[in-house]
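Everything on this sheet refers to the single structure shown next.
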Amino acid sequence: MADATIPTVPPVNPLNPHGLRIVLVLQGGGALGAYQAGVYQALHEHGLAPDWVVGTSIGAINGALLAGNRHADRLQRLKAFWDRVAHHDVFDPNRLSDDQRRQNIRVSTMATLFGGVPGFFRPRPFNAFAAGLPVPPEQASFYDTADLAATLDELVDFDYLNSPEGMRLTVNALRVRCGSLVSFDSRDGNVCADHVRASGALPPGLAPVRIDGDLYWDGGLYSNTPLETVLDDGSQADTLCFMVDLWSAEGPEPGTLEEVATRQKDVTFASRSRRHLVDYESTRRMQLKLRELYAALPDHEKSAQGARELDALGCGSTLHVVRLPYSGHDWHMPMKDINFSKGSITWRWDQGHADALRAIGVAGWLRHVADDTPLVVHDLPPRAGEPSNPLAACDLPPSAAVG
């Protein structure tokens, strides 16, 4: 008789000993999205690969590259995409002065404006739309993203992405006709390259994508940080959420035309997560109070229906949110999101990796919290010699903000 095979038990990850559900929330931000790739690399290296990725625009593209590939292939496919879209630098940025690097970035940005990005988008030749003439809605843009569809089909296994064995992916887009936000979810088994392209179709540069008869634009026009998708999920699982912010809500008062344009774009696309988190905690505490009041009722006042309604409300879980903000200033250039210079892409990737390692090094989510704590927000610790940011926990309830 053959020996029975003893099943191997996977080792417990000391960074997630309680098996928290891991979620990665990715903003839109064009070329700034290389920072997100660096963040994922650090999570991947420490066994913290997400169970669920929620993305908008470039976050949807990065999310598809992750969810649409098996664990062993994800970093390679992610790197293949960013290598493909990066513009070669004529001079080594490490050998240039700061002023020379800035001029190099201007040249790279102009190359994007006039020539597009290989594997992503290209200018429309003889563009009637640019001349102010009417065109079919699917062509109402300066650039064509057919190249992105081909890139995604090459680098993403959509059959695997839509199967139950991979990580869950949700991408958000704006329905043009009514201005509502729509989430496309791999759990429904039908996410394809068009859904990802739709999530990043920012007008007037990129055209809307038609899906099942409706036109869709970039979900960032409605909300650039798709954290609400996680907060509205209704799951009662304790969750560790890494939220990557590419735009800064705080910044200096602008004094030049370029600084004004940069500040306007930052504020437009910056995360509204603080408001959503405050509302989330308030709602959860109200739900907890309802449970306490229901428990205090005499038995004859309770009912099976009331118990079911309380269970449906949830509130028995804790959400840890780790905020990872991109801190690059990019010389306050308003077109930093179309700066696909190879040197800039590499720097952003490395910064995302380093920042995520700082968060992992602290691992604040391992600290004990009371069972009735609905929300804990973890901000990055300051770098050595760097003062802490007094605005980091702005507008958050004191119980929710953790250094």
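This model, with +1 at the C-beta of Lys and Arg and -1 at the C-beta of Asp and Glu, gives the range 66-124 a dipole about its Cα centre of some 300 debye. Rounded to whole numbers, the Karplus 3J(HN,Hα) couplings from phi for the range 106-115 are 4, 5, 4, 5, 5, 4, 5, 4, 8, x Hz, using 6.51 cos²θ - 1.76 cosθ + 1.60 with θ = phi - 60°, and x at Gly and Pro. The overall shape of the range 74-206 is oblate: from the C-alpha gyration tensor, with semi-axes ordered a ≥ b ≥ c, the ratio a/c is 1.5 or greater and a/b is no larger than b/c. The helix-based estimate of mean residue ellipticity at 222 nm for the chain, built from -39,500 (n - 2.57) per DSSP H run of four or more residues and divided by its residue count, is -11000 deg cm²/dmol to the nearest 500.
Each Lys and Arg Cβ is given +1 and each Asp and Glu Cβ -1; about its Cα centre, the range 21-382 then shows a dipole of about 480 debye. The label-point distance for Asp299 and Asp371, in a model that sets each label 7 Å from Cα toward Cβ, rounds to 2.2 nm.
Label separation (Ala307 vs Glu45): 5.0 nm, computed from points 7 Å beyond Cα along the C-beta direction. Across every pair of non-identical alpha carbons in the chain, the mean reciprocal distance, once inverted, gives a Kirkwood radius of 22.6 Å. Here the Gaussian network model covers the chain, with springs between Cα atoms less than 10 Å apart; of Ala270, Ala249, Ala307, Ala307 fluctuates the most.
Neighbours of Ala261, meaning other residues whose beta-carbon lies under 15 angstrom from its beta-carbon, give a summed charge of -2 when Lys and Arg score +1 and Asp and Glu score -1.
Under 1.5 on a/c is rounded, so check that first for the range 103-167, then, if it is not, pick prolate when a/b is larger than b/c and oblate when it is not; a ≥ b ≥ c are the square roots of the alpha carbon gyration tensor eigenvalues. Note, shape of the range 103-167 comes out oblate.
Measuring r between the beta carbons of Lys79 and Val12 and using R0 = 30 Å, the FRET efficiency lands at 0.55. Loop-located trypsin sites (Lys or Arg not before Pro) in the range 142-208 (DSSP state not H, G, I, E or B) with no more than 12 neighbouring Cβ atoms inside 10 Å: Arg177.
Readers should treat all values here as calculations from the given coordinates under stated rules, not as data from a laboratory. Just so it is clear, the structure is predicted and the values come from calculations on it, not from any experiment. Backbone-built Cβ (ideal geometry, glycine too); neighbour counts: all protein chains shown.
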